[in-house]
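Data first, discussion second: the structure below is written as structure tokens.
The values are calculated or read from the model by the stated rules, or taken from the named source; none is laboratory data. In this text, all values refer to a predicted model and were calculated from it rather than measured experimentally. With ideal geometry, Cβ positions are generated from the backbone for all residues, glycine too; neighbour counts draw on all protein chains shown. With ligands, DNA and RNA removed, areas are computed over all heavy atoms of the protein, side chains included. Shrake-Rupley method; radii C 1.70, N 1.55, O 1.52, S 1.80 Å.
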Amino acid sequence: MISGWWGRLRQRSEQRALQRRAIPEPIWALTLARYPFLARRGAADLSELRRLASLFLDRKEFSGAHGLQVSDDMAVAIAAQACLPVLRLGLQAFDGFVGIVVHPDEVRVKREVMDEDGLVHEYDDVLSGEAMEGGPVMLSWRDVHEAGESAAWGYNVVVHEFAHVLDMGDGLADGIPPLPTPAARVRWHTVLMREYEGFCDRVDQGDDTVLDPYGAESPEEFFAVASEAFFVAPAELRDEHASLYALLAGYYRQDPAAQ
Ligand SMILES: [Zn+2]
């Protein structure tokens with residue numbers, strides 16, 4: 001609800017941002033053609049998504065790594081996918097960070113873990129994206145670009161990383177985003193953990209799952225992986241994880257399987 005002088009001021013500054021960052025029709029059409037999971041949304045959703053994407057472009061700073069130039073259509077592709085999860089929640093859910101770093105491809109990083117005896121082991125990790133509290137969000141352009149095709153197996157790097165951003169909205173990466181009441185938090189924990197443990201068992205048994213087996217890593221990865229499928233392969237997620245789907249539908253205030 002916008003009221004009073006502060007509301008009017010904010011409305012005016014939003015209007016200016018929307019004009020400044022209006023997404024040209026050919027770029028918007030290209031984005032929808034690339035990502036059918038966006039294009040199948042109804043007209044009202046698409047117009048709100050386009051509005052949020054403009055504001056997102058105005059508030060965030062994109063930079064390319066390793067000489068990559070982030071073109072307008074690349075930035076719009078990222079903005080549109082990032083705003084899908086917050087279509088009803090609003091952009092303020094992303095206020096905690098500004099920078100988005102786009103790499104040409106996956107990034108290889110060195111990691112260290114200490115074992116029980118205090119010995120440090122080094123290993124290589126390959127990242128298609130990364131979100132950390134306060135930012136920046138890192139994304140591999142190759143993965144962003146291929147998101148239209150990879151939706152078939154429920155994979156979407158942008159939704160994954162921005163689900164982590166939402167999860168960290170209360171300062172903790174634990175698979176539980178900020179929720180309105182303590183009771184909602186308890187319920188979330190109950191449903192998420194039940195679904196997570198069942199999923200881990202199935203992954204251990206080598207079952208074919210709608211969700212990426214990477215979700216068995218931890219509850220926070222499970223939430224991010226489930227959010228990917230929720231937005232790009234919703235009917236498949238609903239068929240395999242009905243109560244998880246309902247939990248996410250309540251949180252995101254969206255029912256993408258119905259569209
Ligand atoms: Zn993750």
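Quick check, is G148 closer than 17 Å to E220 by Cβ and small (G, A, S)?
On the way: closer than 17 Å to E220 by Cβ: no; small (G, A, S): yes.
Answer is no for this residue.
Each row is one residue, and each column tells you yes or no for (1) of a type outside the set (A, V, I, L, M, F, W, C); (2) under 17 Å from the mean Cα position of the chain (by Cα); (3) modelled with pLDDT under 95.
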{"position": "I2", "(1), (2), (3)": "no, no, yes"}
{"position": "G7", "(1), (2), (3)": "yes, no, yes"}
{"position": "S13", "(1), (2), (3)": "yes, no, yes"}
{"position": "R20", "(1), (2), (3)": "yes, no, yes"}
{"position": "I23", "(1), (2), (3)": "no, no, no"}
{"position": "L30", "(1), (2), (3)": "no, no, no"}
{"position": "A43", "(1), (2), (3)": "no, no, no"}
{"position": "R50", "(1), (2), (3)": "yes, yes, no"}
{"position": "L57", "(1), (2), (3)": "no, yes, no"}
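Collect the residues in region 162-196 that are farther than 30 Å from S140 by Cβ, touching a residue at least 24 places away in the same chain (Cβ under 8 Å) and assigned to a loop (DSSP other than H, G, I, E, B), keeping them in residue-number order.
L179
Right, E195: open to solvent by 40 Å² or more (accessible area, probe 1.4 Å) and in contact with a helix residue (DSSP H, G or I) (Cβ under 9 Å, 6 or more places away or on another chain) or not?
So E195 fails the test.
Please go through region 217-249 and pick out each residue that is open to solvent by 30 Å² or more (accessible area, probe 1.4 Å) and more than 16 Å from the chain's Cα centre (by Cα).
E217, A235, E236, R238, D239, E240, A242, S243, A246, listed by residue number.
Need the failing condition index for M168 against (1) under 26 Å from V86 (Cβ atoms); (2) open to solvent by less than 40 Å² (accessible area, probe 1.4 Å); (3) out of contact with any strand residue (DSSP E or B) (no Cβ under 8 Å at 6 or more places or on another chain), just the number.
(3)
Every residue, every condition in (1) free of Cβ contacts under 8 Å to residues at least 24 places away in the same chain; (2) open to solvent by 50 Å² or more (accessible area, probe 1.4 Å), yes or no:
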position: E14; (1), (2): no, no
position: G42; (1), (2): no, no
position: L46; (1), (2): yes, no
position: L55; (1), (2): no, no
position: Q69; (1), (2): yes, yes
position: V76; (1), (2): no, no
position: A80; (1), (2): no, no
position: L84; (1), (2): no, no
